[in-house]
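One structure below.
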Amino acid sequence: MKILNLIARLIDYPTEEIHQAGDEIIALIQNDAFLSEQDKVGLVNFVTGRCAMDILDWQSDYDALFERGRSLSLLIFEHIHGESRDRGQAMIDLMAQYKQAGLEIDVRELPDYIPLFLEFVATQGQENAEGWLQDVSHIFALLHVRLVQRDCDYAALFSALVNISKADINFDDLANQVKGEKRDDTKEAIDKVWEEEMVKFGPDSNSDACGTAGNKPAESQRRDQDVPIQFMEAIIDETLVKDANNSNASIGGN
């Protein structure tokens, strides 16, 4: 599913290459067979608006959105496990999936970084890709509603991912659930986190991070080879996710 690779690039840190390729990206979106017409409109508007910006302004806005606070973190397990030990094991299991698929990982990104995860899923065939996306659709939906609350066009990217997954999620209920959340990207909130957090060493520290792919995953990897990964212990109400292959303990699925 090439559209997942494209969305991964749009979610990733904005580069001059992407900034200059607006017309080409719009053509790919408009010709894609997996996107709904509504999602095509949302993605085209996103690309049009962002490519019209100065690249430095786009990058600055990106940093303000995704590099401050945890509510809009692009690390999947941060929304599920926080800083618990379960996060480390989930990382190991996901890295094993990548390596089994032929995805070489270096130290620049953690394995649960959403653009990297999407690159992997894009190689798994339509049916399998939908299953993987359904397993984390609650995270994409959470990011979508938080971005909508901030009136941010990045919301269109995560809405498209939920729709591609075909997961049945009630966005209105989820928005009501998180509407009382306090912003964690303010200077005061960030200062408080720095005061409370301790420096960590050992296997749970971020110094063991692994990341961005050097090689693409193989087409041969399929879900019957999956290692169970703890994806579904979400911080949102499970009743909001009605269709995730009836699996709330494993990204591996059926």
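Computed from the coordinates by the stated procedures, all read-outs in this text should not be read as laboratory data. As the structure is a prediction and not an experimental result, all values here were calculated from the model. Backbone-built Cβ (ideal geometry, glycine too); neighbour counts: all protein chains shown.
Take each peptide in 45-56, 8-19, 92-103, count the other Cβ atoms within 10 Å of every residue, and average; sorted highest first, the result is 92-103, 8-19, 45-56. Residues 2, 182, arranged from fewest to most other Cβ atoms within 10 angstrom of their Cβ, appear as 182, 2.
Between residue 48 and residue 70, what is 0.36 nm times their sequence separation minus the Cα-Cα distance? Round to one decimal in nm.
Additional length available on full extension: 5.2 nm.
Under 5 Å between amide hydrogens, built in the peptide plane, is the criterion, and for residue 104 it picks out 214, 215 among residues at least 5 positions away or on other chains. Ranking of 137, 71, 159 by neighbouring Cβ atoms within 10 Å, starting from the fewest: 71, 159, 137. Computed 3J(HN,Hα) for the stretch 164-176, one whole-Hz value per residue from the Karplus formula 6.51 cos²θ - 1.76 cosθ + 1.60 where θ = phi - 60°, is 5, 5, 6, 6, 9, 10, 8, 5, 5, 5, 5, 4, 5, glycine and proline marked x. Computed from backbone phi, the HN-Hα couplings of the stretch 28-38 come to 5, 5, 5, 9, 6, 8, 9, 7, 6, 4, 5 Hz, rounded to whole numbers (Karplus: 6.51 cos²θ - 1.76 cosθ + 1.60, θ = phi - 60°; Gly and Pro given as x). Once the C-beta distance of residue 182 and residue 60 is scaled by a Förster radius of 25 Å, the resulting FRET efficiency is 0.60 to the nearest 0.05.
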